[in-house]
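Novice: Submitted below is the structure of interest, expressed as structure tokens.
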Protein chains: 6
Amino acid sequence: MWTYEKRLQYPVRILRPNPRLAKAIISQFGGPDGELSASMRYLSQRYSMPYNEVKGLLTDIGTEELAHMEIVCAIVHQLTKNLTPEQIKQQGFDDYYVDHTVGLWPTAAAGIPHNALTYASKGDAITDLTEDMAAEQKARTTYDNILRLTDDPDVADVIKFLRQREIVHHQRFGEGLRIVQDKLDSRNFYLTNPEFD
Amino acid sequence: MWTYEKRLQYPVRILRPNPRLAKAIISQFGGPDGELSASMRYLSQRYSMPYNEVKGLLTDIGTEELAHMEIVCAIVHQLTKNLTPEQIKQQGFDDYYVDHTVGLWPTAAAGIPHNALTYASKGDAITDLTEDMAAEQKARTTYDNILRLTDDPDVADVIKFLRQREIVHHQRFGEGLRIVQDKLDSRNFYLTNPEFD
Amino acid sequence: MWTYEKRLQYPVRILRPNPRLAKAIISQFGGPDGELSASMRYLSQRYSMPYNEVKGLLTDIGTEELAHMEIVCAIVHQLTKNLTPEQIKQQGFDDYYVDHTVGLWPTAAAGIPHNALTYASKGDAITDLTEDMAAEQKARTTYDNILRLTDDPDVADVIKFLRQREIVHHQRFGEGLRIVQDKLDSRNFYLTNPEFD
Amino acid sequence: MWTYEKRLQYPVRILRPNPRLAKAIISQFGGPDGELSASMRYLSQRYSMPYNEVKGLLTDIGTEELAHMEIVCAIVHQLTKNLTPEQIKQQGFDDYYVDHTVGLWPTAAAGIPHNALTYASKGDAITDLTEDMAAEQKARTTYDNILRLTDDPDVADVIKFLRQREIVHHQRFGEGLRIVQDKLDSRNFYLTNPEFD
Amino acid sequence: MWTYEKRLQYPVRILRPNPRLAKAIISQFGGPDGELSASMRYLSQRYSMPYNEVKGLLTDIGTEELAHMEIVCAIVHQLTKNLTPEQIKQQGFDDYYVDHTVGLWPTAAAGIPHNALTYASKGDAITDLTEDMAAEQKARTTYDNILRLTDDPDVADVIKFLRQREIVHHQRFGEGLRIVQDKLDSRNFYLTNPEFD
Amino acid sequence: MWTYEKRLQYPVRILRPNPRLAKAIISQFGGPDGELSASMRYLSQRYSMPYNEVKGLLTDIGTEELAHMEIVCAIVHQLTKNLTPEQIKQQGFDDYYVDHTVGLWPTAAAGIPHNALTYASKGDAITDLTEDMAAEQKARTTYDNILRLTDDPDVADVIKFLRQREIVHHQRFGEGLRIVQDKLDSRNFYLTNPEFD
């Protein structure tokens, strides 16, 4: 179970509204490689993970991604405060606004509702960790793209923090994969699935 | 942000495997009225909620639903341990097994991947709380149905706990709605949206 | 069964094309809280509703929502008449136009195809009516948002009519819920499900 | 707008519960070629149809498909009455039951929620009518398949009525296509789109 | 099995970037009536097609649609080369860019991920061919719409080629349907399904 | 473009019908880690891949996955030949059969229609290749699961061939990733994106 602590893992203080940028960044809330997908990928995978230290890693990073999800939501929320209907229309925010006002809802930038098809939990230790390493690279790429679209330093500062964490997670999942491989038969990682066989 | 505490909110100790029942119960992980939808509904809505006490309520219940999600996953995990391929086929678990082995992945019983379309975050305090009251009734009904399908008292005991919490949440959202209505113009709750106007 | 009467429940006469506004309003055709979802929610729920007067209410309102769906389609159709390719591109209508020309197709403003996940039919009288009360609030909020985006009085006039009907439906479903609660055990509404037990 | 008449277009009186068969037949409510898709396909297409007699045809058949949807729902409802939990489990109805009890909800037999991607409204008279002719054949095939799965004559009788109507509709859309082709340039049906050019 | 030949079926040489137009054209990659849907529709249907000459037709056209898919991808790729972040934002390409940079991914213009619900494979020879004739008309209409949005002759030239092929395919499927009808009972095409009965 | 060669990459000769097993195996046609997703993942990614030898690798493996898709379809087709309605019902094939007879259509075992959300094309060479390595592990796991469900040696023989190819592809994508890393700045692979910067 989780306890909520009333602070963000990294502070968010954005002064200039920018709904267009908010629409891009919301992809890291509900989009294919966003923080909600990341968190649920790791928190789901841990049940079948056969080694406790890797299970702990999945819980730790899955919990941190919840905190990142909260940071992304805070960015989007601050970028969409105090808008006029004119700003909403001029910046193409109307197709989000009509169904959610300025409430948060997990969607990709292209309008795709958050969907569990964007992540896998395969019940195989090697496979799940390889999936996780790919997931962190995909998230890192999305943050790269957001940085290229951002000219507000207050936003860029937070995005850089989030991007850096994805690189750290990628490395930690690589270490987890090494642990799993060491525990399995060294000549054929795929011979048996300790979660099932 | 959240801190993980390594215990379940309510203990789960199931001794008899039952993949067929697991397939029904997994709906409360990833299904339309499951705990993941519940948690993300409330944690998303809080950004635009204009009143701090109700915002706190959304955070509290959203965080508790994460704990419920973990309980549901633990039930499904324990119901699907140590299965033989024959048991998997006889109980119709093969269509889940083929893509996830016995890993957890958020889906409805009918095979629908978890999807954000199952919940709303409308950026309107009255609407969001009415949505939340309905959500708790829908979850309560699903737990009612699970109880009718369950003859394992170890499972039923946990499901009854979860069902009871939904009724409590329903009441608390009702109180939240009363708070919001008291703060708005008493003759026309819908005249203005304090989150936007 | 239904008989078609060749007139709209409320007249629609819009003179100025506005494809951008049409894209927002089409959400009330195929979007999460639109008239098609509303109609199918109520017309589906009536089969398991155990009380005839509430079943009649569901049929009546479900039928009226079909008429509202037709009004919304008429608005979108009139807003997209006689467009030039230049207008289509300048107003961001091209992503709809390319796949549907100016034909009507039920989608949310954000491009999400109409999906039954946006409504529930739970086979439980109390739950279904609570869902319906929430649905009417969600539709009311969407009309509020459309009104803020609209500066054409011919459009606003019709939207105000539709919005007002949602408030009336909300009240009628509240009365339906009262009827159901009176018929069930007054101390525990959730003890039995007359549709199943 | 539509007026509801409290009778089915064709009577449904089924005495033997059969939830397994209900799960197959529900595809003609919410599945890819079901009556809801059919109705919304035709009722959507009529807005851009340039010729009044064909527009009338779309309205007529679209309205009749609503009546067929009601018939399909009545079949499913009667096939799932008075079930015991044991019957539900033995016949594999539990994955539907858990989320909907015995309420009706538009889904395909395979569990896919009703989705507008299953039909097209292209804003082109020839294309829409060709789509409609294909749609009727697809529905006819599904009824053929249901008949092969049915050994209850009370069910088969209604399905045969519905199947026969699809064949009639196929022919009427063929006549509609002929009307459209006669009105367009006889040497090149695709030269201009009277709905747009 | 297939052998790749390193050339396009029709040359694509586009000099002016135009991400807005790319977003419309990508619908013919992953959209409802795009080349991927077309190819998979025909390549899927051939397994149950009872007549070898028609099976060969499905394989031939299904294979050609793969080549068309490649052409559409080449158009989109060339239209999105060497963009600056400013161009991306000004032309509304940011909601695609954030999740895919300028990589290709099969989506509709409106942001809907490629989905098999957009095509049918019904296991009935007459039905499948009628579906295919409709599919070609739908693709033809989409190309018509793209042409109206295009003022770059290098793009229009390729789109005209693709559009013309759809008309040819429509005719060939019409011939296939005639072959099937001739082989079935001439008085009632729908009496038996040679694939199953 | 592709040329079709009328033979399977690996022969399929299955004598005993087994629709239940067919429902599991069809996941490798249209499911989350199936051959269609694999093929479209690689064929999409090649457009933005900056290095020709890796682009060639993507084309080669993407083309081979089309051949694997064809093999999987052949298995499913042969496993579902000459079924009686009784066999269809007893083995739980009715929910597929009702909408597709015994035609092939790309779906996951759990009923989820093929969806592009199951794969990524991110326009970043390192990320795409990491995604591809994960994809091959996921497909390998699914084949492992199919093998555990299979007691027909004619089926197992083909599945083992397909499984082995995934392992080879995993290795080849690993080599591709090494090539890309060697071409990028050796101290920071993520500093620039040669496809965009």
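Novice: In peptide F:82-89, how many Cβ atoms from other protein chains are near each Cβ within 10 Å, on average?
Specialist: The shielding value for this peptide is 3.
Novice: Given contacts defined as C-alpha pairs under 8 Å and at least six residues apart, what's the relative contact order of chain B, whole-number percent? All intermediate terms of the calculation are to be shown ahead of the outcome.
Specialist: Details: 252 pairs, mean separation 57.7, N = 197.
Normalised by residue count, the contact order of chain B is 29 percent.
Novice: Using alpha carbon centroids, what distance separates the range B:142-176 and the range A:73-145, in Å?
Specialist: 32 Å
Novice: Taking every residue in A:125-135, how many Cβ atoms of other protein chains lie within 10 Å of its Cβ, on average?
Specialist: Taking all residues of A:125-135 together, the mean is 6.
Novice: Give the average, rounded to an integer, of partner chain Cβ atoms located within 10 angstrom of each Cβ in B:4-10.
Specialist: Taking the mean over all residues of the peptide, I get 3.
Novice: For the range C:62-69, take each phi angle, set θ = phi - 60°, evaluate the Karplus expression 6.51 cos²θ - 1.76 cosθ + 1.60, and give the result in whole Hz per residue in order, putting x for glycine and proline.
Specialist: Each residue of the range C:62-69 in turn: x, 5, 5, 5, 4, 5, 5, 4 Hz.
Novice: GNM, chain C, Cα, under 10 Å: largest mean-square fluctuation among C:Ala135, C:Ala116, C:Ala108?
Specialist: Fluctuation is largest for C:Ala116.
Novice: Along Cα→Cβ at 7 Å, what distances in nm separate the A:Lys183 label point from those on the other copies, shortest first?
Specialist: 3.8, 4.8, 5.6, 5.6, 7.0
Novice: Then there's this: Mind listing the label-point distances from C:Tyr51 to the same position on all other copies, shortest first, one decimal in nm, points 7 Å along Cα→Cβ?
Specialist: In nanometres, ordered from closest: 2.9, 5.2, 6.0, 6.0, 7.1.
Novice: Between A:Gln90 and the same site in the other copies, what are the distances in nm, shortest first, taking label points 7 Å from Cα along the C-beta direction?
Specialist: Ordered by distance, the counterparts are at 1.7, 1.7, 7.0, 7.0, 7.2 nm.
Novice: Could you size up the charge dipole of the protein assembly as shown around its Cα centre, putting +1 on the beta carbon of Lys and Arg and -1 on that of Asp and Glu, and report it in debye to the nearest 20? Mind dumping the intermediate values first?
Specialist: On the way: 132 positive and 168 negative charges, 1 e Å.
In total the dipole reaches around 0 debye.
Novice: Next question, about the same structure. Take chain F, connect every pair of alpha-carbon atoms lying under 10 Å apart with a spring to form a Gaussian network, then pick out the residue of F:His114, F:His100, F:His170 with the largest mean-square fluctuation.
Specialist: Among F:His114, F:His100, F:His170, the largest GNM mean-square fluctuation belongs to F:His100.
Novice: Calculate the FRET efficiency for A:Glu175 and A:Arg7 from the Cβ-Cβ distance with a Förster distance of 30 Å, rounded to the nearest 0.05.
Specialist: Between A:Glu175 and A:Arg7 the formula returns 0.55.
Novice: May I ask which residue of chain C has the beta-carbon nearest to the axis carrying chain C onto chain E, and at what distance in whole Å?
Specialist: C:Gly111, 2
Novice: Moving on to the next point. For the pair F:Asp151/C:Thr84, report the inter-label distance in nm, with labels modelled 7 Å from Cα in the Cβ direction.
Specialist: My value for the distance between the label points is 7.3 nm.
Novice: How high is the FRET efficiency between B:Tyr51 and C:Arg16 when r is their beta carbon distance and R₀ equals 45 Å, given to the nearest 0.05?
Specialist: Calculated transfer efficiency: 0.70.
Novice: Can I ask one more? Can you work out the base-10 log of I(q)/I(0) for the range B:19-182 at q = 0.15, 0.16, 0.19, 0.20 1/Å, using the Debye formula on its C-alpha atoms alone?
Specialist: Results for the range B:19-182 at q = 0.15, 0.16, 0.19, 0.20 Å⁻¹ read -0.77, -0.85, -1.11, -1.20.
Novice: Next question, about the same structure. Between E:Pro19, E:Pro153, E:Pro50, find the one with the highest GNM mean-square fluctuation for chain E; connect C-alpha pairs within less than 10 Å.
Specialist: Looking only at E:Pro19, E:Pro153, E:Pro50, the biggest GNM fluctuation is shown by E:Pro153.
Novice: Mind pulling the angle between the C-alpha long axis of helix C:153-183 and the longest principal axis of chain C? Nearest 10 degrees, somewhere in 0 to 90.
Specialist: 10 degrees
Novice: Under the Karplus relation 6.51 cos²θ - 1.76 cosθ + 1.60, θ = phi - 60°, what is the ordered set of whole-Hz ³J(HN,Hα) values for the range E:30-44, x standing for Gly and Pro?
Specialist: x, x, x, 10, x, 6, 5, 4, 4, 4, 5, 4, 6, 5, 6
Novice: Sticking with this one: How big is the A/B interface in buried accessible area, both sides summed, 1.4 Å probe, to the nearest 100 Å²?
Specialist: Looking at A and B, the buried total is near 4400 Å².
Novice: Still on this structure: I'd like to check one number: the per residue accessible area of the range C:19-182, probe 1.4 Å, reported in Å² as a whole number.
Specialist: Using a 1.4 Å probe on heavy atoms only, each residue of the range C:19-182 averages 23 Å².
Novice: Would you please name the trypsin sites (Lys or Arg not before Pro) within the range D:1-50 that are DSSP coil residues with at most 11 other C-beta atoms within 10 Å of their C-beta?
Specialist: Values: sites: D:Lys6, D:Arg7, D:Arg13, D:Arg20, D:Lys23, D:Arg41, D:Arg46; in loops: D:Lys6, D:Arg7, D:Arg13.
Here the sparse-neighbourhood loop sites are D:Lys6, D:Arg7, D:Arg13.
Novice: What part of the accessible area of the range C:1-154, given as a whole %, is carbon or sulfur when the probe is 1.4 angstrom?
Specialist: Result for the range C:1-154: 51 percent of the exposed heavy-atom area is carbon or sulfur.
Novice: Please state, to two decimals, what the Cα-based radius of gyration of the protein assembly as shown comes to when divided by 2.2 N^0.38 Å (N = residues).
Specialist: 0.85
The values are calculated or read from the model by the stated rules, or taken from the named source; none is laboratory data. Not measured: the values here are computed from a predicted model. As a convention, Cβ positions derive from the backbone with ideal geometry for all residues, glycine included, and neighbour counts pool all protein chains shown. Each accessible area value is taken on the protein alone, full model and side chains, heavy atoms only, with ligands, DNA and RNA left out. Shrake-Rupley method; radii C 1.70, N 1.55, O 1.52, S 1.80 Å.
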